[in-house]
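The values are calculated or read from the model by the stated rules, or taken from the named source; none is laboratory data. Computed from a predicted structure; not experimentally measured. Every residue, glycine as well, gets a Cβ built from its backbone with ideal geometry; the counts of neighbours run over all protein chains shown.
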């Protein structure tokens, strides 16, 4: 059996480093396969998705960006070679958008976001009965709607990727207007995989292998020089003149928005650190500012499927409108998932939880008094609790990774070690007081459970 060259990681950092250093491919086989390979035809911007503004107006603050294409098409060149044995024959194959791995003789595809049957070239038989059959006739077509959610290093959302570049532009002192007036190409690398199965003739016994390769995806945006920024003040701020653009009034807080690329959490149930979300500040008449003012800002729940008392975030701080353009919010995910009433959100059932939020703020200019509280942007932070499994590679070249932490290298590439479930059970189900009187311990299988808790479901993760 061939050793694994690499097991594709789910971590952003690990994926980027591995893909640059591992010549862009990986494969692993079991006893019924002698080899499996995969490559993808690729030229300049072969896999390109164009993003356009479909809002129908030229106001940069009301743009509605949508991809023109609805799917990606990959021309694969896959080959499955069964071992030279007249009793072993080719069975089937699948193509995947995302990484897969091999556990003993079985394909693990929980990280892949989309899959479909595929017909590669294959070879089976032995001696004068060994032959190859042609394949790879049809492209692997992937609907964009199916791959927009998942780990950031695996999913592909064209608008999200463009928004990431916008956020970098804003962080470097640029504006939303000058960004969208220019052309942009955003290139990202993602993993495409193929699994193949060979079968013992006359039985249902079959064993698998897989191959993965890296493809480059391109997001194109064509700039619109006719875009304009049209800040509109609240009527009360403009002496009750509706839609009056402020030119001669004192500085005031015009808008607060969530960062375009929301840093959703898809990973272990209790993250190592709370997600950080940037809140972008926009001031009207900031050129008239006479010094730092004070902002009171809170992020509150907004029509969620669960009840959350209080604010997700609150900050009262000094802000200089001429130099300060953002506040970093910490979403309290760890504290939330550590509480009993939200224990159902910390179960590895792959359910996506939406946390709908609204920004509310008020501002006090230098030497003035606070204005009224105003509602600003709304946004949704998402999290999904995923099972944590480590695959150890004897070659020392990989292993399943999560949140940038590599798994330890072990002696057997097919050994699976479950990571301790988080949050721990004692944070979800309080334990009863211990009886100080000595008693004869009961066998584990006979010990009563004080309340119904699906321990099998928790341990399985």
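The figures follow:
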{"read-out": "Strands (runs of 3 or more DSSP E) completely within region 277-382 that count 1 or more residues being out of contact with any helix residue (DSSP H, G or I) (no Cβ under 7 Å at 6 or more places or on another chain) and exposed (fewer than 14 other Cβ atoms within 10 Å of the Cβ)", "value": "313-319, 326-330, 352-364"}
{"read-out": "Residue ranges of strands (runs of 3 or more DSSP E) in region 141-259 with at least 1 members loosely packed, with under 14 Cβ neighbours inside 10 Å and modelled with pLDDT of 90 or more", "value": "184-200"}
{"read-out": "Any hit, region 72-86, residues being in a strand (DSSP E or B), assigned by TED's automatic domain parsing to the domain that holds residue 206 and loosely packed, with under 14 Cβ neighbours inside 10 Å", "value": "yes"}
{"read-out": "Close pairs (7 angstrom Cβ cut-off, 6 or more residues apart or separate chains): free of Cβ contacts under 8 Å to residues at least 60 places away in the same chain and in the same structural domain as residue 97 (by TED's automatic domain parsing) in region 47-70, part of a strand (DSSP E or B) and surrounded by fewer than 16 Cβ atoms within 10 Å (Cβ to Cβ) anywhere", "value": "54/66; 68/50; 68/52"}
